[in-house]
Amino acid sequence: MRPASDDALYARVTRRLVPFLFLCYVAAYLDRVNVGFAKLQMQADLALSDTVYGIGAGIFFLGYFLFEVPSNLLMARVGARRWIARIMISWGLVSAATMFASSPATFYLLRFLLGVAEAGFFPGVVLYLTYWYPARRRARIVALFMSGVAVAGVLGGPLSGWIMRAFAGTGGLHGWQWLFLLEGLPSIALGIWTLFYLDDGIRSARWLDGDEKARLETALAEDGAAHGHWPLRHVFGSGRVWLLAAIYFLFVMGLYGVSFWLPQLIRNSGVQDVFHIGLLTAIPYGVAAVVMVLAARHSDRSGERRWHTALAGLAGAAGLMLSIAFADNAFAAMAALSLATAGILTTFPIFWSLPTAMLGGMAAAAGIALINSVGNLAGFASPYLVGAIRDATASTAQGMSVLAASLLMGALLTLFCVRRSGEVL
């Protein structure tokens, strides 16, 4: 019997892995950013200023930063199945426990612990995908996985708004408390499912026959020979790795500015009902889900990474600036925010094709985690800056301008420091 083509084999791998990982990322991202919706009620209940909210939203990333690299190195040693399951179960428990926040101090503590619990999930999955796919196929696969961010926005907005309105007062709890509880439970269930569903790698996949495993491993071996293997100790002293971390930091500034403040930006345009705000947040994320997959597919086919990444960053910056210009017009503001969200989210799957093509083995585990952890410090800086600026000026306009400037700098660094082939200078 003639063996299936490589495309058919990778399609089978994708059907097995990506929908499940995508579902996990939807749950992860929803638990990470649903505080943006909770803010619409909990801020008054707990007497939180915008600065306190910004610190609480962002302190998640300090815990994330401290434990990211150790988490990825441990995953490489103990296996993806058990480690990803551990991450998901622990973050689901902490996310649900955020319902007990009663003061700025407990809010800070629970957000920090959520970052500790979730540390390693995203870079762990990116690393896990390198166990299956060669570099030339990764941008589209990472885009499919990362579209979970967009789908979390599409589903999470209406769901969060509905929970907060429908459950308010039930059992003596506020709507935002039900939000954290009900959106934390799916992560726990998915973590348990991970133990039975995921394989640590090609060798342990019982749904592949010997020939299929050999073909996948040959493709990875050829890919590894093309980019070589860095000694682990060189990763932390590599200027190229730190440059990628800086670019990622600048793009993440834009991502979490939108993620944590989008509900507030929509409210600023004149929409007040939390359920309607939730419905409207689905629009920018729905547009982004389509754009990021199409752009990543085109990048894989053309082999071009630099302009695809930079143009997406520039589109994100333009969208944020336009959202300021049309802040009082709900329709125009939604169009601008859709452009911004699509541009920002599209940068990430194409960006991640750069370090995964450059690094292999334990160096990949450390390098991916290092880039992600340093970059995600912007998840602390971004909401804090926007919150502090809003407290000082009673407006989000200047904060959005800072985020647009960050995206512009990230795009320019990509253009000047990355070759067309994706090689970092």
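The values are calculated or read from the model by the stated rules, or taken from the named source; none is laboratory data. It should be emphasised that the depicted structure is a prediction, and the values quoted were computed from it without experimental measurement. Heads up, the Cβs are rebuilt from the backbone with ideal geometry, glycines too, and the neighbour counts pull from every protein chain shown.
Say we look at region 202-214 and pick out the residues that are buried (at least 17 other Cβ atoms within 10 Å of the Cβ) and not acidic (Asp, Glu); which of these is farthest from Trp91 (Cα to Cα)? It would help to see each step written out before you state the result.
Residues of region 202-214 that are buried (at least 17 other Cβ atoms within 10 Å of the Cβ), as a first pass: 202, 205, 208, 212.
Cutting the leftovers down to not acidic (Asp, Glu) gives us 202, 205, 208.
Numbers: Ile202: 27, Ala205: 27, Leu208: 31 Å.
Looking at residues that are buried (at least 17 other Cβ atoms within 10 Å of the Cβ) and not acidic (Asp, Glu), I get Leu208.
What about Ala335, is it in a helix (DSSP H, G or I), closer than 26 Å to Leu144 by Cα and more than 21 Å from the chain's Cα centre (by Cα)? Explain how you work it out, then say what you get.
Details: in a helix (DSSP H, G or I): yes; closer than 26 Å to Leu144 by Cα: yes; more than 21 Å from the chain's Cα centre (by Cα): yes.
Considered against the rule, which asks whether it is in a helix (DSSP H, G or I), closer than 26 Å to Leu144 by Cα and more than 21 Å from the chain's Cα centre (by Cα), Ala335 comes out as yes.
Specify which of the listed residues (Gly257, Gly270, Gly237) is part of a helix (DSSP H, G or I) and either modelled with pLDDT under 85 or under 21 Å from Tyr29 (Cβ atoms) (or both). Reasoning before the result, please.
Details: Gly270 fails: part of a helix (DSSP H, G or I); Gly237 fails: part of a helix (DSSP H, G or I).
After applying the criteria, what remains is Gly257.
In this structure, does Phe60 turn out to be touching a residue at least 24 places away in the same chain (Cβ under 8 Å), among the aromatic types (Phe, Trp, Tyr) and touching a Ser or Thr at 6+ places or on another chain (Cβ under 7 Å)?
Numbers: touching a residue at least 24 places away in the same chain (Cβ under 8 Å): yes; among the aromatic types (Phe, Trp, Tyr): yes; touching a Ser or Thr at 6+ places or on another chain (Cβ under 7 Å): no.
No.
Quick one: is Thr98 among the polar types (S, T, N, Q) and in contact with a Leu (Cβ under 8 Å, 6 or more places away or on another chain)? Outline the logic, then answer.
Details: among the polar types (S, T, N, Q): yes; in contact with a Leu (Cβ under 8 Å, 6 or more places away or on another chain): yes.
So Thr98 passes the test.
In region 113-128, which residues are assigned to a helix (DSSP H, G or I) and either touching a His at 6+ places or on another chain (Cβ under 6 Å) or surrounded by 22 or more Cβ atoms within 10 Å (Cβ to Cβ) (or both)?
Taking region 113-128 first, the residues assigned to a helix (DSSP H, G or I) are 113-118, 121-128.
Correct list: Leu114, Gly115, Ala117, Glu118, Phe121, Phe122, Pro123, Gly124, Val125, Val126, Leu127, Tyr128.
Do you know which residues across region 91-112 are under 18 Å from the mean Cα position of the chain (by Cα) and closer than 21 Å to Ala189 by Cβ?
Narrowing region 91-112 to residues under 18 Å from the mean Cα position of the chain (by Cα): 91-92, 95, 111-112.
Trp91, Gly92, Ser95, listed by residue number.
Considering Tyr197, Tyr131, which residue is hydroxyl-bearing (Ser, Thr, Tyr) and touching an Asp or Glu at 6+ places or on another chain (Cβ under 9 Å)?
Values: Tyr197 fails: touching an Asp or Glu at 6+ places or on another chain (Cβ under 9 Å).
The match here is Tyr131.
Please determine, by comparing only the residues of region 132-191 that are at pLDDT 85 or above and among the polar types (S, T, N, Q), which one is surrounded by the most Cβ atoms within 10 Å (Cβ to Cβ).
Per the criteria, the residue is Ser187.
Among all residue pairs at least 6 apart or on different chains, which show Cβ distances below 7 Å where the first residue, located in region 321-343, is in contact (Cβ under 8 Å) with a residue 60 or more places away in the chain and the second is among the β-branched types (Val, Ile, Thr) and in a helix (DSSP H, G or I)?
Note: pairs meeting the criteria are Met334/Ile283; Ala340/Val258; Thr341/Val258; Thr341/Val287.
Within the set of pairs 6 or more residues apart or between chains, which connect a residue that is at positive phi inside region 120-139 to a residue that is among the charged types (D, E, K, R) and outside any loop (DSSP other than H, G, I, E, B) with Cβ atoms less than 8 Å apart?
Going by the 8 Å Cβ cut-off, the qualifying pairs are Gly120/Glu68.
Quickly run through region 291-308 and pick out the residues that are of a type in the set (A, V, I, L, M, F, W, C) and under 12 Å from Arg140 (Cα atoms). Steps first, please.
At the first step, the residues of region 291-308 found to be of a type in the set (A, V, I, L, M, F, W, C) are 291-296, 307.
Val291, Met292, Val293, Leu294, Ala295, Ala296 - these are the residues of region 291-308 that are of a type in the set (A, V, I, L, M, F, W, C) and under 12 Å from Arg140 (Cα atoms).
Limited to region 349-388, what total is found for residues that are of a type in the set (Val, Ile, Thr) and either modelled with pLDDT of 80 or more or part of a loop (DSSP other than H, G, I, E, B) (or both)?
Within region 349-388, the first condition is being of a type in the set (Val, Ile, Thr), and the residues that meet it are 350, 356, 368, 371, 374, 386.
Subset that is either modelled with pLDDT of 80 or more or part of a loop (DSSP other than H, G, I, E, B) (or both): 350, 371, 374.
Residues flagged as of a type in the set (Val, Ile, Thr) and either modelled with pLDDT of 80 or more or part of a loop (DSSP other than H, G, I, E, B) (or both) within region 349-388 amount to 3.
Considering only residues that are free of Cβ contacts under 8 Å to residues at least 60 places away in the same chain and touching a helix residue (DSSP H, G or I) at 6+ places or on another chain (Cβ under 8 Å), which ones fall in region 102-118? Can you show your working first?
Going residue by residue through region 102-118, those that are free of Cβ contacts under 8 Å to residues at least 60 places away in the same chain are 102-106, 108-110, 112-113, 115-117.
Within region 102-118, Pro104, Thr106, Tyr108, Leu110, Phe112, Leu113, Gly115, Val116, Ala117 meet the criteria.
Exactly one of (1) of a type outside the set (A, V, I, L, M); (2) farther than 28 Å from Ala394 by Cβ; (3) touching a residue at least 12 places away in the same chain (Cβ under 8 Å) is unmet by Asn34. Its number?
The number of the failed condition is (2).
Among the residues of region 72-88, which ones are surrounded by fewer than 19 Cβ atoms within 10 Å (Cβ to Cβ), touching a residue at least 60 places away in the same chain (Cβ under 8 Å) and in a helix (DSSP H, G or I)?
Narrowing region 72-88 to residues surrounded by fewer than 19 Cβ atoms within 10 Å (Cβ to Cβ): 73-74, 77-79, 82.
Narrowing the set further to residues that are touching a residue at least 60 places away in the same chain (Cβ under 8 Å) leaves 73, 79, 82.
Selection gives Leu73, Arg82.
So, in region 327-355, of the ones that are among the polar types (S, T, N, Q) and surrounded by 24 or more Cβ atoms within 10 Å (Cβ to Cβ), which residue ends up farthest from Ala288 (Cα to Cα)? Steps first, answer last, please.
We begin by selecting, within region 327-355, every residue among the polar types (S, T, N, Q); these are 329, 338, 341, 346-347, 353.
If we keep only those that are surrounded by 24 or more Cβ atoms within 10 Å (Cβ to Cβ) as well, we get 341, 346-347, 353.
Values: Thr341: 6, Thr346: 7, Thr347: 11, Ser353: 19 Å.
Checked region 327-355; the qualifying residue farthest from Ala288 (Cα to Cα) is Ser353.
Test each condition in (1) in contact (Cβ under 8 Å) with a residue 12 or more places away in the chain; (2) assigned to a loop (DSSP other than H, G, I, E, B) for Ser395 and report the one that comes out false.
Ser395 satisfies every listed condition except (1).
Pick out the one residue from Ala335, Ala330 that is farther than 16 Å from Tyr248 by Cα and at pLDDT below 80.
On the way: Ala335 fails: at pLDDT below 80.
Going through Ala335, Ala330 in turn, the sole match is Ala330.
List the number of the failed condition for Ser71; all other conditions in (1) closer than 23 Å to Gly156 by Cα; (2) out of contact with any Asp or Glu (no Cβ under 8 Å at 6 or more places or on another chain) hold.
(1)
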